[in-house]
Amino acid sequence: NGAVCIHPCSPSFHGETRFVCKDKNWQMFTDTCASLDVQSLFQPVHVKPGDAAKYFGAHNHGNRNCQNDLSCIVPDILSSPAVPGNIADVVELLKNISLLLSENVSRVKMQSYSRIANHILNSSIISSWAFVKDRNASSVLLDSVNFFAGKLLLRDGSESIQEHFISTKGYIIHKNTSGKSFDFSVKFSNTRNITGHVVIPEEELLKLPKTSKAVSIALPTLGAIIEANRLDPVFVNGMVLSVALPEELRHILLTFEKLNKLENVKAQCVGWHSTDRRWDNRACTLKSDNVSSVVCNCRHHRRTFKSFSILMSPTTLRNAVLDYITRVGLGLSIFSLVLCLIIETVVWRHVTKTEITYMRHFCLVNIAASLLIADVLFILTAMVHNTALNYQLCVAATFFLHFFYLALFFWMFTLGLLILYGLLLIFFKLTISVFIATAFSIGYGCPLVISILTVAITEPKNGYLRRGACWLNWYETKALLAFVVPALSSIVVNVVVVVVVVVKTGRSFIGEGCKSQDLSNMIRISKNIALLTPLLGLTWGFGLATIIDSHSLAFHITFALLNAFQGFFILLFGTLLDRKTREALRMSYLSSKRKCSLAKVTIFPTWLNL
């Protein structure tokens, strides 16, 4: 989403107005910062994101002109002081515009958007960003500008929109185009311009199957703003260049003019990781470095399938191994669950003759159905995000994905309670009608309430979805907790269930007075644990590790291996290894075979008589 040239410095405040920075050779140098007018921090906010609703919000569709060019809000914003409170409000406003009004971004609309962004990118207010409460505000700004600019319409094959502190250029490109380049010269301060250069190599353009577009944005002050806003010790030694490219293009060359041209300052090329909100040194490599400029070779990451571990982790990891595990696991899981439901339909009459077996298979069918729908939705949400469909569709997909995965856990919780009922409440009579009503209330009622409350509380603040995926937000609103907390609570209860089963199994052998039973006792306990672990979702407990250390690839891979294949384990342990189910399948097979033989005997003589 963005690449910069940096040098390895660690700025820190000394006194009130100075940064002290140590370069690679530990030589000291200082830069004087603008002093802050503390009184200005308490000035009233003139423009808030909610105020824009009267012009183009969801409740008023009358003023179409404002929706088309945003002109109605620009004067008020430009006249408001760029103090920390207002900066945060403008960032939120730009985010809302990029989410709700990014269809058909014309030149006029992009100009208005750039003017609004330019107001809070001004070099004279960089120090104010340190007092913006949201430490992710600068990252949100970059994401919003990227997304909105990427929708820019190129009417005549190219477009160029220039403000003092933000510049946007777009071109129509195709495989017959010679190496395409974008040249930028934008202000870093009132007295100084810096330059940047973007080149799409000709060999990359040959990969294009059809005519496409490329849009590049230059943000000369954003590096310093990220540094101030996030209290980041990385000094950005140039502008931030962001490029929106077709999926087929993988490599681009970026040239940065250095702000600090000291000979002994070594440069490093990095890209901004928008999901983790950090500089990533794996995104770009240094091609050449001289006193005045740096050339970086940057990779444009192809969007990959969403890793299954995203369901429990605050961080989305992109990795080929995770991608492969998720695809294979979900494919096998979906096939297994369909087969499981077919088998349950065939044997249902034979395996539900008693109340307790009816209840068990009733829970098993609902567990399989919930997981099947959830897994299919998981694939569909990845497709929704990767095809850049509209925001509302992503919200809807996330809501149903949240609901059905919660339903999975609550049905596994219900099965756990049923096992406890069978073990501990032997003399308590539970009728099937009461069980079904209670099970549906827990299995689908609770997930529905949680899902509705989550979207109702977080969506009005645009905090329902996370950046880069159709799934629950973590960094802004912690909406992911609405899935993690119920899931882990269900797992804790089901762990207790397994402990009770193990204790009961062990006690059944006490008093037999034969040491030869020890081995069979252990085998039976192990079998019970193996059978119950996938049915009760205990492997999802490894999701806690991805929450504690969300950047550990090993934890993500372990979680995906154990849980992406859950449908297969349910088929194996819940259906195929169940003795009564196997007997019922054999009886159904013999019965159908007998009927087929009788049909042949009856039809054959009739045919002869004809």
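Scanning the stretch 210-237 for residues that are among the small types (Gly, Ala, Ser) and touching a Leu at 6+ places or on another chain (Cβ under 7 Å) gives Ala214, Ser216, Ala218.
Annotation: Gln268 fulfils all but one of (1) open to solvent by less than 50 Å² (accessible area, probe 1.4 Å); (2) in contact (Cβ under 8 Å) with a residue 60 or more places away in the chain; the unmet one is (1). Against the numbered list (1) out of contact with any Leu (no Cβ under 6 Å at 6 or more places or on another chain); (2) touching a residue at least 40 places away in the same chain (Cβ under 8 Å); (3) not aromatic (Phe, Trp, Tyr), Val240 comes up short only at (1).
Among the residues of the stretch 394-418, those that are open to solvent by 40 Å² or more (accessible area, probe 1.4 Å) and under 18 Å from Thr533 (Cβ atoms) comprise Phe413, Leu417. Within the stretch 502-522, can one find any residue that is at pLDDT 65 or above, of a type in the set (Val, Ile, Thr), open to solvent by less than 20 Å² (accessible area, probe 1.4 Å) and within 25 Å of Phe410 (Cβ to Cβ)? Among the residues of the stretch 502-522, not one is at pLDDT 65 or above, of a type in the set (Val, Ile, Thr), open to solvent by less than 20 Å² (accessible area, probe 1.4 Å) and within 25 Å of Phe410 (Cβ to Cβ), which makes the answer no.
Can His551 be described as under 23 Å from Leu472 (Cβ atoms), assigned by the TED database to the domain that holds Leu472 and part of a loop (DSSP other than H, G, I, E, B)?
So His551 fits the description; yes.
Ile432 meets the stated requirement of being touching a residue at least 40 places away in the same chain (Cβ under 8 Å) and open to solvent by 40 Å² or more (accessible area, probe 1.4 Å).
Taken as a whole, the stretch 479-491 holds at least one residue that is buried (at least 20 other Cβ atoms within 10 Å of the Cβ) and touching a Lys or Arg at 6+ places or on another chain (Cβ under 9 Å). For the stretch 208-245, a residue qualifies if it is more than 25 Å from Asn136 (Cα to Cα), at pLDDT 80 or above and out of contact with any His (no Cβ under 9 Å at 6 or more places or on another chain), and the qualifying residues are Lys213, Ala214. Against the condition assigned to a helix (DSSP H, G or I), open to solvent by less than 60 Å² (accessible area, probe 1.4 Å) and under 22 Å from Ser489 (Cβ atoms), how does Ile442 come out, does it pass? So Ile442 passes the test.
Scanning the stretch 226-264 for residues that are assigned to a strand (DSSP E or B) and open to solvent by 20 Å² or more (accessible area, probe 1.4 Å), which turns out farthest from Val198 (Cα to Cα)?
So the residue we want is Phe235.
The values are calculated or read from the model by the stated rules, or taken from the named source; none is laboratory data. None of these values were measured; they are calculated from a predicted model. Cβ coordinates were reconstructed from backbone atoms using ideal geometry, including for glycine residues, and neighbour counts include every protein chain displayed. The protein model used for the area step is the full one, side chains on, heavy atoms only, and it has no ligands, DNA or RNA in it. Shrake-Rupley method; radii C 1.70, N 1.55, O 1.52, S 1.80 Å.
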